[in-house]
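Colleague: Have a look at this one before I ask anything.
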Amino acid sequence: MGARLAADGAMSAGVSRLGLGGSKFGSFGNPAPAADSERLVRVALDLGVTVLDTANIYGQGDSERIIARAIAGRRDAAFVVTKAGQTFSAKYRALRIAKPVIRAVLARRGAGSGVTAQRGDAMRHDWRPRAIVTALEASLKRLRSDRVEAFLLHSPPPYVAADPELALALVAARAAGKALRIGVSCDDLATLDAALDQPAYEMFELPWDVVAALGPRADAIRARGHLVLAREVVTQQPGLSAAQAVARAIAHPAVDCTVVGTGKAEHLRALAAIARGTQR
């Protein structure tokens with residue numbers, strides 16, 4: 001995908017075939033210091049991996065902060081995708097204050113994944129249009145940017161994806177230049193079908209099992225010019241190596257970008273080489 005003009009007249013980066021997921025940046029389950037994650041983002045940009053996928057809840061907002069620091073001075077080289085709708089309980093949000101100490105203790109004990117596993121009990125959601133717009137404003141502040149390249153509803157149920165009032169709120173954000181594209185991160189086909197019925201949405205992030213089950217929807221998606229990001233392509237293809245799983249996803253005719261989560265630069269370099277050589 002080619003570059004697009006941002007609200008301030010700058011050129012926004014195009015969509016790379018490989019994207020870097022930021023769900024673990026700054027999380028309790030990730031022992032790597034923030035500086036390592038920042039370096040990884042810069043390596044991604046050097047490799048031409050422009051798509052940086054994050055969300056307001058990742059790392060209790062620290063994922064967006066890490067990306068902001070990493071792309072400072074290179075903002076127009078990045079295609080930033082963030083999401084909203086999922087929130088944390090007040091108790092879990094308060095943990096962020098003590099996160100440096102907690103993460104250090106958890107790293108020594110090897111217990112970070114336990115905190116991540118408990119996150120589900122702390123999850124909430126707020127799909128009110130006003131709340132979604134407020135979440136976007138907060139994300140822009142953390143990202144130190146006046147816009148994101150894409151703003152998505154984060155794993156909503158079908159009835160939320162079909163809500164025309166919510167779609168209008170996202171349209172207004174796009175019209176204001178705060179989100180160049182709007183859409184939905186869908187966890188299942190029912191949510192995707194509901195989102196496809198909203199003509200305003202132009203981008204979808206889908207787990208691999210949904211991509212693999214698209215069927216005739218793939219033709220409709222291509223005909224309408226929707227952008228599709230594929231995620232969970234390695235975990236949902238356990239019979240394949242990471243390289244094979246990524247190559248398969250990249251080659252899928254409905255997929256514009258395959259998002260991978262890795263903390264290792266050498267792994268990212270290997271997958272970027274596959275992306276450059278894979279034919280669709």
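Colleague: Gain in length, ARG222 to ALA190, computed as 0.36 nm per residue apart minus the alpha-carbon separation, to one decimal in nm?
Modeller: 9.6 nm
Colleague: Now for a different question. Sequence neighbours fewer than 8 away in the same chain don't count; with that in mind, list the aspartates and glutamates whose C-alpha is under 13 Å from LYS178.
Modeller: Cross-link targets: ASP8, GLU137, ASP146, GLU149.
Colleague: At what distance in nm do the modelled label points of GLU137 and ASP197 sit from each other, each positioned 7 Å from its Cα along Cα→Cβ?
Modeller: About 3.1 nm, to one decimal.
Colleague: Alpha carbon centre of the stretch 18-33 versus the stretch 159-222: separation in Å?
Modeller: Going from one Cα centre to the other spans 25 Å.
Each reported figure results from applying straightforward, stated rules to the coordinates on display, with no laboratory input. No experiment lies behind these values; they were computed from the predicted model shown. Ideal geometry is used to build each Cβ from the backbone, glycine not excepted, and the neighbour counts take in all protein chains shown.
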